Amino acid sequence: MFGAFERAVAGRYLWARKGERFVSVIAGFSLVGIALGVATLIVVLSVMGGFRQELLGRILGLNGHLGVSAMQGPLTDYAAATARIRTLPQVERATPVVEGQVLLTTDAGGSAGGLVRGIAPEDLRARPIIAGNIKAGDLAAFQGEDAIVIGAGLARKLEVGIGDRVTVVSPQGRVTVFGTVPRLRAYKVAAIFEVGMQEYDSGFVFLPLSAAQLFFQLPQAVSQIEVHLRDPDESDAAAYAIRQALADRPLRIADWQDANSGFFQLVQVQRNVMFLILTLIILVAAFNIVSSLTMLVKDKGRDIAILRTMGAGRGAILRIFLLCGAAVGGVGTLAGFGIGLLFCANIESIRQGLMAVTGTTVFDPEIYFLTRIPAVVDPAEVAQVVGLGLLLSLLATLIPSWRAARLDPVEALRNE
């Protein structure tokens, strides 16, 4: 598309001689602006995508894709219901659980609120998000009616370790002849987990299913059956299949999308808004290309006239200035592409460095729910950003290039 003559002239215009470098400086600012815009857009989209993926993996890893519970009260005859659910082709795992809000205290005086989840020991060991993130202790000790597994954040708050006792207090008291008294029991810490999500590490504890049933006074009953699917997107079909398999009893089935819809919609809205805002950075840099090329056309009016009189056609002049603008936009976009990917690959190291230099907390886990900054690079999104940068850069060159091609050589030389 571009001949050797056009490339040579465009290169000469971009690398101006001493005394003619003002336009080159403006073009340099345009290049830097496009590079920063593209890099920032790649980093922000990768972080937002990683944030959503990390939260989705942790939330679904702990809570399941579907929650099957009775319409009223606890779910009885749960063993038969669980066995039926496990036979469905969409289901990967079905786990009966007992849930309840409690107060956790220690002999040292520490206290914190938490959510107790009663789960069979073999089911807890089968959950990779817990079994693969044990920081202390061993899940082999999670059995009987005296064991408890707590999150790392909760362990730090209560100042307890493996083998220490934690007293669990239920808000639902026990009725005696002397009135209602709190229901409490002490358990020994068998293991400490850390999944990397502040809300769970600081608020979840696990008891063996039989111990939780005894504590919450739910003999032969559970709060719900957590269902993990092979494909989370098939939740509607799986819910319908579960209703058909358990048609003999009224059920309430909670879908993960409904349970967390507000949260993930908020993340998606923020992502779209950030994309729009950061696209404006690239657009501003593209306007700088317009201004730099317009100044270049004004500055090179005599040169254009001489080239025209020597036989260069309007198409050649158009291509020369298109190549000038495309070179600035293309190099800036590719530079931003490289910077963005490099930043995403080292984002956690950069965060640690900033914290060490400034002495401040960057990405507070108590606010963002995660203990590290996630960055997942989506090739399709990166291609979209790079294509957007190249397209805006090319569009920015059209009007100045067209004006240069339309320049009348007679009028240009007469004015000189």
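For this structure, a couple of remarks:
- Segment 206-251, accessible surface, carbon-and-sulfur percent (1.4 angstrom probe): 50 percent
- Listed values (i) 79, 63, 37; (ii) 78, 45, 39; (iii) 112, 52, 35, entry calculated as Cα extents along the principal axes in Å: (iii)
- Length-normalised contact order for the chain - Cα pairs under 8 Å, 6+ apart - percent: 29 percent
- Rolled with a 1.4 Å probe across the full set of protein chains, the surface gives Ser202 an accessible area near 20 Å².
- Sites Val376 and Asp303 - FRET efficiency at Förster radius 51 Å, r taken between beta-carbons, to 0.05: 0.55
- Neighbourhood charge, 13 Å Cβ-Cβ cut-off, centred on Gln72 and excluding it, Lys, Arg +1 and Asp, Glu -1: +2
- Placing Phe287, Phe206, Phe275 in order of accessible area, with the largest value first and a 1.4 Å probe, yields Phe287, Phe275, Phe206.
- Springs join every pair of Cα atoms under 10 Å in this Gaussian network model of the chain, and among Val273, Val376, Val227 the largest mean-square fluctuation is at Val273.
- Exposure rank, largest accessible area first [Leu395, Leu251; 1.4 Å]: Leu395, Leu251
- At a probe radius of 1.4 angstrom, the accessible area of segment 276-381 per residue rounds to 52 square angstrom.
- Helix-only CD estimate at 222 nm, as mean residue ellipticity for the chain, using -39500 (n - 2.57) per DSSP H run (n ≥ 4): -18000 deg cm²/dmol
- Between helix 379-405 and the chain: long-axis angle, C-alpha atoms, 0 to 90°, nearest 10: 20 degrees
- The relative contact order of segment 56-180, computed from alpha carbon pairs under 8 Å that lie at least 6 residues apart in sequence, is 25 percent.
- If only the Cβ of Lys and Arg carry +1 and only the Cβ of Asp and Glu carry -1, the dipole of segment 179-337 around its Cα centre is close to 780 debye.
- Segment 164-253, dipole about Cα centre (Lys/Arg Cβ +1, Asp/Glu Cβ -1), debye to the nearest 20: 720 debye
- Other residues within the sphere of radius under 15 Å centred on the Cβ of Lys188, judged by their own Cβ, net out at -3 (K and R +1, D and E -1).
- Lysine pairs with alpha-carbon atoms under 25 Å apart, the chain, spacing 8 or more or separate chains: 5
- Within the listed set Gly313, Gly387, Gly203, the Gaussian network model of the chain (springs between alpha-carbon atoms below 10 Å) gives the highest mean-square fluctuation for Gly313.
- Summarising the amide proton neighbourhood of Gly151: residues at separation of 5 or more, or on other chains, whose placed amide H is nearer than 5 Å comprise Phe193, Phe204.
- Amide H contacts of Gly100: Val116, each under 5 Å away and 5 or more positions distant or on a separate chain (H built 1.01 Å from N in the peptide plane; Pro and chain starts excluded).
- With DNA, RNA and ligands ignored, accessible area of Arg249 (1.4 Å probe; Å², nearest 10): 50 Å²
- Among Ala191, Ala356, Ala405, the largest mean-square fluctuation in a Gaussian network model of the chain, built with springs joining Cα atoms closer than 10 Å, belongs to Ala356.
- In segment 292-364, the C-alpha radius of gyration followed by the widest Cα-Cα span (Dmax) gives 22.4, 66 angstrom.
- When the charge dipole of the chain is built from unit charges on Cβ atoms (+1 for Lys and Arg, -1 for Asp and Glu) and taken about the Cα centre, the candidate among Leu293, Gly359, Gly113 whose Cα reaches farthest toward its positive end is Leu293.
- Dipole magnitude (debye, nearest 20) for the chain, charges at Cβ of Lys, Arg, Asp, Glu: 1500 debye
- In sequence order, segment 156-167 has phi-based couplings of 5, 5, 8, 6, 10, x, 5, x, 6, 9, 10, 8 Hz under the Karplus curve 6.51 cos²θ - 1.76 cosθ + 1.60, θ = phi - 60°, and Gly or Pro positions carry x.
- Ordered from highest to lowest accessible area with the whole protein assembly present and a 1.4 Å probe, Glu226, Glu348 read as Glu348, Glu226.
The values are calculated or read from the model by the stated rules, or taken from the named source; none is laboratory data. These numbers come from a predicted model, not from an experiment. FYI the Cβ positions are ideal-geometry reconstructions off the backbone, even for glycines, and counts take in every protein chain you see. When the accessible area is computed, the model is the full protein with side chains, heavy atoms only, and any ligands, DNA or RNA have been set aside. Shrake-Rupley method; radii C 1.70, N 1.55, O 1.52, S 1.80 Å.
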